[in-house]
Amino acid sequence: MEEQTVVLIVGAGPAGLATAACLTKLSIPHVIVEREDCSASLWRNRAYDRLKLHLAKEFCELPHMSYPADAPTYIPKDQFVKYIDNYIECFDIRPKYQTAIESCSYDEGRKCWFSVARDMKTSVVVRYTARFLVVASGENSAENIPVIPGLRDFAGEAIHSSRFKSGAAYSGKNVLVVGCGNSGMEIAYDLASHGANTSIVVRSPVHVMTKEIIRLGMTLVQHIPVNVVDDLLVRLANFVFGDLSRHGIVRPKAGPLQLKAETGRSAVIDVGTVGLIKKGIIKVLGNISKIKGSIVEFENGRESAFDVIVFATGYKSTANTWLKNGESMLNNAGLPKKEFPNHWKGANGLYCAGLARRGLAGIAIDAKNIANDILSSYHA
């Protein structure tokens with residue numbers, strides 16, 4: 001089977017859907033393919049039950065559609081999925097599900113992107129030719145689990161956070177959470193709340209904030225220099241939480257908004273984890289050196305036995321496994337070479353949406369930029 005289109009979008013997560021909506025508004029023909037059997041599979045299938053958007057809803061809208069007026073400020077997972085479904089219906093987006101891209105390469109002679117895809121239900125190969133290609137397969141495509149000596153022979157259960165749904169299944173068990181980002185901290189809270197003996201590995205400095213402090217910062221930074229806002233946010237956080245260094249949590253030198261802008265690392269929005277750490281209900285541990293059976297040995301020499309290890313160690317992009325000729329835009333990690341806000345465009349009609357570690361707000365910016373840029377050369 002062969003199919004021709006103007007734009008091929010790879011991925012039907014929020015980035016791909018936002019790009020499709022913007023192209024639809026401009027009446028630009030496109031095809032959107034998705035290897036999973038649904039849109040936004042990360043949100044539907046790989047997110048824990050208690051998840052809410054960590055940022056206020058005004059920073060989490062996709063282009064051309066607001067949340068309902070009665071939606072809460074911080075959108076729960078299920079309501080976000082409903083928003084996605086309404087978005088697809090509103091813009092009549094029709095992803096080709098269970099269609100896995102095997103390779104995309106640029107044909108210099110024909111001046112188009114040549115893609116080979118496979119229908120995962122029938123194994124039929126589909127070939128697409130497109131003038132423009134949008135990589136929207138996400139920075140969260142594949143689980144990232146660190147290499148730890150002895151992990152393969154761990155006597156208990158080791159899972160990535162994408163498979164964690166609720167702490168209810170782990171009551172009374174000794175559970176170690178590896179990773180102190182938003183997922184790790186919230187999963188630790190959920191485990192402890194359900195009666196698990198919970199420890200968390202804090203491997204690097206981290207900003208801990210309340211959702212209200214971050215909302216204030218994101219509002220102020222639109223009018224005031226980021227260093228001034230960051231100074232205020234750190235002072236507020238210190239007032240709320242006190243000095244957390246004696247509990248094993250150290251602040252980075254760069255402020256929270258500056259750090260996000262420079263590295264993509266988000267501040268942790270506390271859901272109650274800090275209170276449990278201060279009470280000793282959740283233990284903070286350092287880096288793991290090795291695992292022996294059910295015993296985890298830490299770099300400071302401490303040893304503890306665990307029944308379960310949850311790796312909240314993030315994801316990685318898989319774009320480079322199928323994208324050939326993408327070196328104008330992506331580095332070896334499958335992420336943009338250029339800094340935000342100039343990251344979204346490569347050579348020969350190649351674009352990326354949602355790879356700049358800027359959340360849903362960044363996705364909205366990418367999608368609009370890509371659609372407008374394609375419009376300018378589509379009619380050229």
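The values are calculated or read from the model by the stated rules, or taken from the named source; none is laboratory data. Everything numeric here is computed off the predicted structure, so don't read it as measured data. Positions of Cβ are generated from backbone atoms using ideal geometry, with glycine treated the same way; all protein chains shown enter the neighbour counts. Just so you know, the surface numbers come from the protein's heavy atoms only, side chains and all, with ligands and any DNA or RNA stripped out. Shrake-Rupley method; radii C 1.70, N 1.55, O 1.52, S 1.80 Å.
Counting residues in the range 221-240 that are closer than 30 Å to residue 156 by Cβ and either part of a loop (DSSP other than H, G, I, E, B) or assigned by the TED database to the domain that holds residue 167 (or both) gives zero.
Each row is one residue, and each column tells you yes or no for (1) open to solvent by 20 Å² or more (accessible area, probe 1.4 Å); (2) among the basic types (Lys, Arg); (3) not in a loop (DSSP other than H, G, I, E, B).
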position	(1), (2), (3)
48	no, no, no
74	yes, no, no
78	yes, no, yes
86	yes, no, yes
92	yes, no, no
100	yes, no, yes
104	no, no, yes
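In the list 282, 269, which residue meets the criterion of being out of contact with any Pro (no Cβ under 9 Å at 6 or more places or on another chain), touching a residue at least 24 places away in the same chain (Cβ under 8 Å), of a type outside the set (Lys, Arg) and closer than 27 Å to residue 150 by Cβ?
On the way: 269 fails: closer than 27 Å to residue 150 by Cβ.
After applying the criteria, what remains is 282.
Pairs are defined by a Cβ separation below 6 Å, a sequence spacing of at least 6 or placement on different chains, a first member in the range 249-261 that is under 12 Å from residue 214 (Cβ atoms), and a second member that is among the aliphatic types (A, V, I, L, M) and not in a helix (DSSP H, G or I); the pairs so defined are 256/267; 257/221. Among strands (runs of 3 or more DSSP E) entirely within the range 113-208, having at least 3 residues that are polar (S, T, N, Q) and at pLDDT 95 or above singles out 197-201. The set of residues from the range 151-199 being among the hydroxyl-bearing types (Ser, Thr, Tyr) and buried (at least 17 other Cβ atoms within 10 Å of the Cβ) comprises 161, 162, 170, 183, 189, 193, 198, 199.
May I ask you to verify whether residue 81 is touching a residue at least 60 places away in the same chain (Cβ under 8 Å) and either under 25 Å from residue 182 (Cβ atoms) or assigned by the TED database to the domain that holds residue 371 (or both)? Judged against the criteria, residue 81 is not a match. Of the helices (runs of 4 or more DSSP H) lying entirely inside the range 242-335, those carrying at least 1 residues that are in the same structural domain as residue 355 (by the TED database) are 319-322. Suppose we filter 17, 8 for residues that are under 18 Å from residue 366 (Cβ atoms), open to solvent by less than 40 Å² (accessible area, probe 1.4 Å) and in a strand (DSSP E or B); which single one remains? Step by step, each of 17, 8 is checked, and only 8 is under 18 Å from residue 366 (Cβ atoms), open to solvent by less than 40 Å² (accessible area, probe 1.4 Å) and in a strand (DSSP E or B). Taken over the range 215-235, the criterion of being in contact (Cβ under 8 Å) with a residue 40 or more places away in the chain and either surrounded by fewer than 17 Cβ atoms within 10 Å (Cβ to Cβ) or out of contact with any Ser or Thr (no Cβ under 9 Å at 6 or more places or on another chain) (or both) is satisfied by 217, 218.
Just to check your reading of the model, which residue among 137, 123, 115 is of a type outside the set (D, E, K, R) and loosely packed, with under 15 Cβ neighbours inside 10 Å?
Values: 137 fails: loosely packed, with under 15 Cβ neighbours inside 10 Å; 115 fails: loosely packed, with under 15 Cβ neighbours inside 10 Å.
After ruling out the rest, the residue left standing is 123.
Take the residues in the range 20-36 that are assigned to a helix (DSSP H, G or I) and not charged (D, E, K, R); name whichever of them is farthest from residue 86 (Cα to Cα).
By that ranking, first place goes to 23.
Among the residues of the range 259-285, write down those that are under 25 Å from residue 52 (Cβ atoms) and not aliphatic (A, V, I, L, M). Residues satisfying the conditions are 260, 263, 264, 265, 266, 270, 272, 273, 275, 278, 279.
Candidates in the range 348-380 are the residues that are touching a residue at least 24 places away in the same chain (Cβ under 8 Å), among the small types (Gly, Ala, Ser) and in a loop (DSSP other than H, G, I, E, B); of these, the one that is surrounded by the most Cβ atoms within 10 Å (Cβ to Cβ) is 353. Do the conditions hold for residue 70, that is, is it part of a loop (DSSP other than H, G, I, E, B), farther than 26 Å from residue 143 by Cα and acidic (Asp, Glu)? Judged against the criteria, residue 70 is a match.
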